Amino acid sequence: MTNRKKHMELKSNRNTFSIKFYIIRLKENSKGEHPIYCRLTINGKRKEFSTHIWVVNTKWNPIAGKVIGNSEAARTFNASLESTRLGLLNCKSD
C-alpha cells in the first residue's frame, strides 16, 4: 500500500464535527447591519445557513462567535446562537 493510499484511508476514517458562527460583511441592510450565518462541518462537508439575526459589524466578536455587549439585544442574540448550537449538538448525539 502506498503512502498516499494510507493517508487517504486515515483521512476518510476521521469523524469531525464543528459549528462556527460568522457574519457576511458583503451583505448589509439599511441599518448598517450584517447577517449572522452558521457553518456546520461534518467529516469535511460544509453546510451554511442564516440564523436570521443581523448585527452591526463593530458589535461582532469573530473569535468568540458572539455579539459583544451586555444589552438586552446582545443577550437575546447570544442566547439564540447558543440555542442553535445546542440543537445541532443534540442532533449529533442522536
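The values are calculated or read from the model by the stated rules, or taken from the named source; none is laboratory data. From a predicted model like this one, the values you see are computed outputs, not experimental measurements. Positions of Cβ are generated from backbone atoms using ideal geometry, with glycine treated the same way; all protein chains shown enter the neighbour counts. All accessible areas refer to the heavy atoms of the entire protein, side chains included, with ligands and DNA or RNA removed. Shrake-Rupley method; radii C 1.70, N 1.55, O 1.52, S 1.80 Å.
Annotations
- Phi-based couplings in Hz for the stretch 29-40 (Karplus 6.51, -1.76, 1.60; Gly and Pro marked x): 8, 5, 8, x, 9, 10, x, 9, 10, 10, 10, 9
- Evaluated with a Cβ-only charge set (Lys, Arg +1; Asp, Glu -1), the stretch 8-83 carries a dipole of roughly 240 debye about its Cα centre, given to the nearest 20.
- Burial order of peptide ranges 76-84, 43-51, 62-70 (average beta-carbon count within 10 Å, highest first): 76-84, 62-70, 43-51
- Once backbone amide H atoms are built at 1.01 Å from N, K66 has N61 as its partners under 5 Å, excluding neighbours fewer than 5 places away on the same chain.
- With the simple model of a label 7 Å out from the Cα in the direction of the Cβ, I68 to C91 spans 3.1 nm.
- Counting only protein heavy atoms and a probe of 1.4 Å, the accessible surface of the stretch 9-94 is 52% carbon and sulfur.
- K31 versus K47: modelled label distance in nm, points set 7 Å from Cα along the beta carbon direction: 2.9
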